[in-house]
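If you scroll down you'll find the structure; I have some questions about it.
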Protein chains: 2
Amino acid sequence: MITVKPSDRTAAPKPASIYDVAKRAGVSIKTVSRVVNRQSNVSDATREKVMEAVDALSYRPNIFARGLASERSFLIGLLYDNPSAGYIAAMQVGVLTRCREEGYHLIVESLDAANPNIGRQVHSLVTESSLHGVILTAPLCDSQAVIDALNRANCPFVRIAPEKHLPGASDVRIDDFKAAYDMTAYLIGLGHRRIGFIKGHPGHGAAQARFAGYRSALEHAGLPLEEELCVQGFFSYQSGLEAGEKLLTLKNRPTAIFAGNDDMAAAVLACSQRFNLKIPHDLSVAGFDDSLVAQVVSPRLTTCRQPIREMAEAAVSMLIQRSANDGPVERQLDHELVVRESTVPPPGAT
Amino acid sequence: MITVKPSDRTAAPKPASIYDVAKRAGVSIKTVSRVVNRQSNVSDATREKVMEAVDALSYRPNIFARGLASERSFLIGLLYDNPSAGYIAAMQVGVLTRCREEGYHLIVESLDAANPNIGRQVHSLVTESSLHGVILTAPLCDSQAVIDALNRANCPFVRIAPEKHLPGASDVRIDDFKAAYDMTAYLIGLGHRRIGFIKGHPGHGAAQARFAGYRSALEHAGLPLEEELCVQGFFSYQSGLEAGEKLLTLKNRPTAIFAGNDDMAAAVLACSQRFNLKIPHDLSVAGFDDSLVAQVVSPRLTTCRQPIREMAEAAVSMLIQRSANDGPVERQLDHELVVRESTVPPPGAT
DNA sequence: AACGCATATGACAACGCTGCCATCATACCC
DNA sequence: GGGTATGATGGCAGCGTTGTCATATGCGTT
């Protein structure tokens, strides 16, 4: 019942080669190569002829021949180890967008950051397919072994939203400090005076920066920093549950809780049910990241969006423009406060 | 402040080539090639010598040279167009696992299924990099243009959980009929007698199969199929909201609702709040897919899991084993009923 | 001893492209 | 008018591997 037309299968579908294009355009293959690679020293007339032939034959250079003959592989590697699904998906979209625009292809590899052989794995992966550059996401981007291997292979790389700072690395990130500052200021603006904060994993640079932003905003508003309102979390749902419990059992409980990421904020939501608190009426909750969770919990979370897609695009651009011998670079993109239903003025506010 | 040790950058990191291995093992490069490709007609002694050299030098064949010289590219393509994030991530993990095991690499491309040029895009992508095979996910896997292009390029492909049936395609899927049957039977087993069903998008084979499974389970249990309990949805959250509304305003409302996918089930959860129904106490809700949503809503959804990872692995295996000239193949994997907190016996049950 | 046959190994071209160098024409300078 | 910079183009080797074919070796048969 399911069949294939034999004709579909028999034809040998050889794509057009550079020879075909050269013949059709009446030039040498070398000239075709020049045009295709946008090199100079080709007359406009010739370029046009070649372009026409390229279009007519739907010619696309063979990536293997290209990779073999030149140092340029037109291959970007995306390396990750088991990150959040939404995160990697959003990133990949951004990466692919830019790759397509630039005629690059994307090779994806998932690695185990805990594997002691990780450095060797990365090195052989990179050299064997002479990747043009690689993009690293958490937690791989926080592994010194990976960075070292990449440097050893002289392979440019960019880390996206790394958590720790690592010497010799190029990064794309947002300003976590300012983002947390903005969120806190927004909550203060709503009228909140007692704002709880759930810290992220200590040792993660981003977690620290966010906490610092929170403190700074309080300070600027002339609000005291209260010890009991700042509890330690570890970015996990579970840790958010425990932290939320701590905050909500306080005699003088906060009117708003700002969690270091969305997972922990979602945990606070779940937790508050047990305290019979209506969100946002009795308690405002804010998260960070604008991950998928933020949009599917009820009420949806006010949070701070990292422009993952744009960050990924920026990373590819950096990779394509830069050479391995440039020094490390840091690039910061704008975050965005996403106000949803989980935050309102505190109870009793005018 | 951020610096790179110069030594890290200067070394030219040429990976070992087949020549190095041959020299070290004292054989010709051809013999090395034979060993590496697991071909026959190599003596055990020679094989061992070569293997040792390969290990010592961490030799890995250059993918470009390989792809250029042979028909085999060791490249698997994963094509998709904007699917759910969790879905694509889970799939990718499975694909990567098998690829790694078999020494293949993964190239990912995101395409626009609606683009009229899609066929040409796919064709040139496949031929230019002579992909060994490609894996298609929804909605690309339901595009006849894509299938045609692949067939034209003589490129093997496997579709994962396709929604429509398409002639000449190889598929990996679960038994949607049986899965929906099982879920319905489970609800009946809990004591439910009035079970609402929210249908998926008409025209999607899976949606139809699920509805058929639901009906069949009712029938086997001697329960009547009631028109008013079966409402049309379209797999979207929004459609689930509307469908839920319809079901919950019924005079004789169901004690359980089985939605054709998790998104619609999550919508029923949200919807039931407005009717002041406590889930699961007043109403049991079941979804389908075990997508991320199912785990983050509260209460977490009872649902039916598609083993996406395993399906992806199976797809890669099929691609590696099969040649383009084999006919299309269908492979079915086991689903799994995931019972969580959203389903309990109906109110008033013993 | 001569032959056939299977098994093991190597020599060499080819894959499609780019890098390097050579060539040729043109334009400009003193 | 001879010399020299500059732009446009082509010839050819070589990238690291595999496919094809040739060769060598060992063994059983007659």
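The values are calculated or read from the model by the stated rules, or taken from the named source; none is laboratory data. Please read all numbers here as calculations on a predicted model, not as lab measurements. Please note: Cβ atoms are built from the backbone with ideal geometry, for glycine as well, and neighbour counts cover all protein chains shown. Heads up: the accessible areas ignore ligands, DNA and RNA and are worked out on the full protein's heavy atoms, side chains in. Shrake-Rupley method; radii C 1.70, N 1.55, O 1.52, S 1.80 Å.
Give the angle, between 0 and 90 degrees and rounded to the nearest 10, that separates the Cα long axis of helix B:118-128 from the longest principal axis of the Cα atoms of chain B.
Approximately 30 degrees, to the nearest 10.
Report, ordered by chain and residue number, the aspartates and glutamates lying within cross-link reach of A:Lys199, taken as a straight Cα distance under 15 Å and ignoring same-chain residues fewer than 8 apart.
Straight-line reach from A:Lys199, under 15 Å: A:Glu163, A:Asp176, A:Glu226, A:Glu227, A:Glu228, A:Glu242, A:Glu245, A:Asp262, A:Asp263, A:Asp289.
For the stretch A:176-307, take the alpha-carbon Rg, divide it by the Kirkwood Rh, and send me Rg/Rh.
Checking Rg against Rh, the ratio lands at 0.92.
If ligands, DNA and RNA are left out, what is the accessible area of A:Phe234 with a 1.4 Å probe, given in Å² to the nearest 10?
100 Å²
Compute the projected area of the convex hull of the Cα atoms of the protein assembly as shown, averaged over all viewing directions, and report it in nm² to one decimal place. Write out the running numbers ahead of the final one.
Details: hull surface 149.6 nm².
Averaging across all directions leaves 37.4 nm² for the Cα convex hull.
Principal axis lengths of the stretch A:111-158 from Cα atoms, whole Å, largest first?
24, 20, 15
Related question: Beyond 21 Å, how much of the Cα-Cα pair distribution for the stretch B:274-336 remains, as a whole percent? Working shown, then result.
Working: 916 of 1953 pairs.
Percentage above 21 Å: 47.
Here's something else I'd like to know. In µm²/s, what is D for chain A at 10 °C and 1.306 mPa s, where D = kT/(6 pi eta Rh) by Stokes-Einstein and Rh is the Kirkwood radius from Cα pairs?
69 µm²/s
Given label points at 7 Å from Cα along Cα→Cβ, what nm distances, shortest first, separate A:Ser317 from the same residue in every other copy?
4.5
Now a separate question. On C-alpha positions alone, give me the angle between the axis of helix A:44-57 and the longest principal axis of chain A, in degrees, nearest 10.
80 degrees
Heavy atoms only, probe 1.4 angstrom, no DNA, RNA or ligands counted: give me B:Met51, A:Met264 ranked by accessible area, highest first.
B:Met51, A:Met264
Can you put A:Tyr59, A:Tyr19 in order of accessible area, largest first, using a 1.4 Å probe?
Order by accessible area, largest first: A:Tyr19, A:Tyr59.
Okay, moving on. So how compact is the stretch A:15-61: Cα radius of gyration and Dmax in angstrom?
Computed over the Cα atoms of the stretch A:15-61, radius of gyration and Dmax are 9.1, 27 Å.
Something else: I want the local charge near B:Pro280. Using Cβ-Cβ distances under 14 Å, sum +1 for each Lys or Arg and -1 for each Asp or Glu among the other residues.
Result for the local shell: +1.
On the full set of protein chains, 1.4 Å probe, figure out the accessible area of A:Asp282 and give it in Å² to the nearest 10.
Accessible surface of A:Asp282 is approximately 50 Å².
Note the distances from B:Asn41 to each other copy's matching label point, with points 7 Å along the Cα-to-beta-carbon direction, in nm, sorted shortest first.
For B:Asn41, the inter-copy label distances come out at 4.6 nm.
Note the full-extension length gain between A:Lys30 and A:Arg274 as 0.36 nm times their separation in residues minus their Cα-Cα distance, in nm to one decimal.
Using 0.36 nm per residue and subtracting the Cα-Cα distance, I get 80.6 nm.
What FRET efficiency, computed as 1/(1 + (r/R0)^6) with R0 = 51 Å and r the Cβ-Cβ distance, is obtained for A:Ala221 and B:Lys251, rounded to the nearest 0.05? Mind dumping the intermediate values first?
Working: r = 54 Å, r/R0 = 1.07.
Here the calculated transfer efficiency is 0.40.
From the protein chains alone at 1.4 Å, what is the descending order of accessible area for B:Glu226, B:Glu71, largest first?
In descending accessible area the options line up as B:Glu71, B:Glu226.
Place the label 7 angstrom along Cα→C-beta at B:Pro347 and in each other copy, then list the distances from the first to the rest in nm, shortest first.
Going from nearest to farthest copy, the values are 2.7 nm.
Would you look at the GNM of chain B, springs on alpha carbons closer than 10 Å, and say which of B:Leu247, B:Leu223, B:Leu57 moves the most?
Fluctuation is largest for B:Leu57.
Find me the longest stretch of chain A that has none of the exposed trypsin sites (Lys or Arg not before Pro), where exposed means in a DSSP loop (not H, G, I, E or B) with at most 10 other Cβ atoms within 10 Å.
Numbers: sites that count: A:Arg38, A:Lys251.
So the longest stretch without any such site is A:39-250.
Given the whole protein assembly as supplied and a 1.4 Å probe, what does the accessible area of B:Glu228 come to in Å², nearest 10?
Number for this one is 90 Å².
Moving to a separate point now. Helix B:176-190 versus the longest principal axis of chain B: what angle, 0 to 90°, nearest 10, using Cα atoms?
40 degrees
Nearest 500 deg cm²/dmol is fine: what mean residue ellipticity at 222 nm does chain B get from its DSSP H runs of n ≥ 4 alone, each adding -39,500 (n - 2.57), divided by its residue count?
-13500 deg cm²/dmol
Subtract the Cα-Cα distance of B:Thr97 and B:Arg60 from 0.36 nm times their separation in residues, and report this length gain in nm to one decimal.
Computed gain between B:Thr97 and B:Arg60 is 11.5 nm.
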